[in-house]
Amino acid sequence: MLVILLKFCSILIKLMSNITNMKLSYKKKLIYCPILHQKQDFIVKLFILFLIIILCHFKLYSQGLIDYEGSIKPILDKHCVSCHQKGSIAPFALDNWEDVNSRAIMIGAVTTSKYMPPWRADTSFQHYKNENYLDQAEINLIKKWIEGGKEKGKAPRKKSGLAKAQKNLAPIAKTISIGFNQPFVVEGDNREEFRFFHLPSKVSTDQYIQSIEFIPGNKGLVHHSRIMIDTTNEISGIDGLSEEDTAILKFQTKPLADPFLFGWVPGNNKIQFPKGIGKRFYANSDFIVNVHYAPSPIKMKDSSSIKIEFSNDSIEREAQTLTLTENNIANQPFVLPPNKKSTFFMRSPVLRDSISLISIMPHMHLLGQSFKAYAITPNGEIINLVNVPQWDFNWQTTYTFKQLTPLPKGSVIYAQGVYDNTIDNPLNPHHPPKVIQYGWGSKDEMMNLVIYYVSYKNGDEKVLL
Ligand code: HEC
């Protein structure tokens, strides 16, 4: 910036001296007066010097003046406030001066360490529509603002981008909200719980889902959830049933129409399909929800709900789900010996048709360390899908590609998951470590890759999501 300023000044000097030269040469023709010439030149040079000093000083001064209203608020509005506002998932708001001011040191620490915003995928590997991270300049700005004494500054007149974005939201299509039949009570015995719930949709015609949202009732209790769809209407009377209950085995034998419609974790609140693309929903289908409750020392209640938006527009393309599971692991068996790090490799069947990917979500539990997935086309081209170099059990995101990502017929998807079942892993739930195998409980392990896609159409590579 300073360099640009100095350049600008030097151009200015040249320009000014050219002008004075021009004036003088014009005057020269009339009368030639050397004293006047020298004096004028001197005054102009003095004036320019004065201008440079003022400009440089102003620049340095303004560098020291990073204030909340002018520099910090826009960063927080863009990257933090979606979660850090009243009624959202984060424990406190960051949309006002008082809260930001009182938590400034913590904000500095979590942004420097890149703990917040919670974004775990490597964007040098692949870019996503929903990527949210601070660049180094923004991190430095926050740091300097704190070091400089947390100036508040004056609010600029124009409205923030956030308010504008909210105004521009499209009109909402037909939306249904379905809650638990009755609140579920967690006894407060410090056990983590995996419970099932049956939520009948009561939607009497076939529809296309435009978006799916899960709204946790008790944010301190609900750890994550998974929404499934059953079209048989035979899975009922399961509300609050534990995953360990043998009665649940009966229904687990029934093939679900969609075993993984949506996996919710804090921050992964909603799946929104692009315009013209929807997920098929058959009339009178039921939602089956599996909720993971965190251990609680006190008795608490939860009444969560789901919100489904059906499309108003005509749907041209149907979103499908491709799930790679432990069955796709090439180096079986999926067993994690104690005191060891293990790596597993998954391989999809060869794609029989060309498809275009919308989003991708890797899934592992507490022993997970890293996850990487890519596809190899029949020509040997590698298409990067997702790389999470430091797996974070608490922030499992559905990564939506920036544009439809075609995989030609004959491609194969590969994934690699690294697990740490040693005492060096602070999240290892077993001390000493035990043999760990597949299971839904977070103390067991999983390796999944859930992909939403549509059949390929010419020009898909240019379709922005
Ligand atoms: C996707 C949602 C989300 C976004 C975006 C987000 N946060 Fe958070 N943040 C949370 C949640 C949930 C918690 C509480 C759980 C935790 O600490 O992980 C949290 C915790 C925090 C904490 C407390 C950490 C601690 O150790 O107690 C700070 C400070 C914070 N966030 C700052 C920020 C800032 C600054 C940004 C933006 C640069 C941001 N967050 C963006 C969801 C979010």
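Which of Lys73, Lys307 comes first, and how do the rest follow, when ranked by fewest Cβ neighbours within 10 Å? Before the final figure, lay out the partial values.
Working: Lys73 23, Lys307 16.
Going from sparsest to densest Cβ surroundings: Lys307, Lys73.
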Query raised in the report: Residues in segment 239-282 near a label at Asp313, defined as backbone nitrogen under 11 Å from the 7 Å Cα→Cβ point?
Result: 273-278
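Beyond 20 Å, what percent of the Cα pairs of segment 251-394 remain?
Working: 6580 of 10296 pairs.
Roughly 64 percent, once rounded to a whole number.
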Query - Within segment 108-136, backbone nitrogen closer than 20 Å to the virtual label 7 Å beyond the Cα of Glu151 toward Cβ - result: 108
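Tell me, rounded to the nearest percent, the portion of alpha carbon pairs in segment 320-462 spaced more than 19 Å apart. Walk me through the numbers before you get to the answer.
Working: 5177 of 10153 pairs.
Pairs farther apart than 19 Å: 51 percent.
Run the numbers for Leu65 and Ala330: contour at 0.36 nm per residue of separation, minus the present Cα-Cα distance, in nm. Mind showing how you got there, number by number?
Values: separation 265, 0.36 × 265 = 95.40 nm, distance 5.73 nm.
Full-extension gain reported as 89.7 nm.
Quick check: residue separation of Ile298 and Lys219 times 0.36 nm, minus the Cα distance between them. What number comes out in nm? Before the final figure, lay out the partial values.
Details: separation 79, 0.36 × 79 = 28.44 nm, distance 1.46 nm.
That pair, Ile298 and Lys219, stretches by 27.0 nm at full extension.
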Query raised in the report: Exactly which trypsin sites (Lys or Arg not before Pro) in segment 208-299 are in a DSSP loop and have at most 11 other Cβ atoms within 10 Å?
Result: Lys299
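Eigenvalues of the Cα gyration tensor times 5, then square-rooted: what semi-axes does that give for segment 68-147, in whole angstrom, largest first? Kindly include the intermediate steps, with their values, before the conclusion.
Numbers: eigenvalues 84, 49, 23 Å².
Over the Cα atoms of segment 68-147, the semi-axes work out to 20, 16, 11 Å.
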Query raised in the report: Please report, for the Cα atoms of segment 317-368, the Rg to one decimal and the Dmax as a whole number; what are they, in angstrom?
Result: 14.3, 48
Query - Above-threshold pairs, the threshold being 32 Å between Cα atoms, out of Lys219/Lys409; Lys114/Lys402; Lys114/Lys409; Lys270/Lys341; Lys279/Lys341; Lys307/Lys402 - result: Lys219/Lys409; Lys114/Lys409; Lys270/Lys341; Lys279/Lys341
Report task. Starting from the Cα-Cα distance between Thr253 and Glu381, subtract it from 0.36 nm times their residue separation and give me the gain in nm to one decimal. Result -> 42.2 nm
Report summary line: Taking every C-alpha to C-alpha distance in segment 172-317 and binning by 5 Å from 0, the per-bin percentages run 2, 9, 19, 22, 19, 14, 8, 4, 2, 0
Query raised in the report: So, in nm, how far is label Asn190 from label Asn284 when the simple model puts each one 7 Å beyond its Cα toward the Cβ?
Result: 4.8 nm
Query raised in the report: With each pseudo-label sitting 7 Å past Cα toward Cβ, what's the His430-Asp41 distance in nm, one decimal?
Result: 8.9 nm
Query raised in the report: Using the 10 angstrom Cβ neighbour count as an exposure proxy, how do Ser88, Ser304 rank, fewest first?
Result: Ser88, Ser304
Report task. Name the aspartates and glutamates eligible as straight-distance cross-link partners of Lys202: C-alpha to C-alpha under 15 Å, and not fewer than 8 places from it in the same chain. Result -> Asp230, Glu234, Asp286, Glu309
Query raised in the report: So what is the orientation-averaged projected area of segment 403-461, using the convex hull of its C-alpha atoms, in nm²?
Result: 6.3 nm²
Report summary line: To the nearest 0.05, the calculated FRET efficiency linking Lys202 and Asp392 through their beta-carbon distance, R0 being 35 Å, is 0.40
Report task. Please work out the Cα center distance from segment 214-258 to segment 269-336, rounded to the nearest Å. Result -> 11 Å
Query raised in the report: Counting other Cβ atoms within 10 Å of each Cβ, which GluC sites (Glu not before Pro) in segment 269-349 have at most 13 and sit in a DSSP loop?
Result: Glu316
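Readers should treat all values here as calculations from the given coordinates under stated rules, not as data from a laboratory. For clarity, every value in this text was computed on a predicted model and none was experimentally measured. Please note: Cβ atoms are built from the backbone with ideal geometry, for glycine as well, and neighbour counts cover all protein chains shown.
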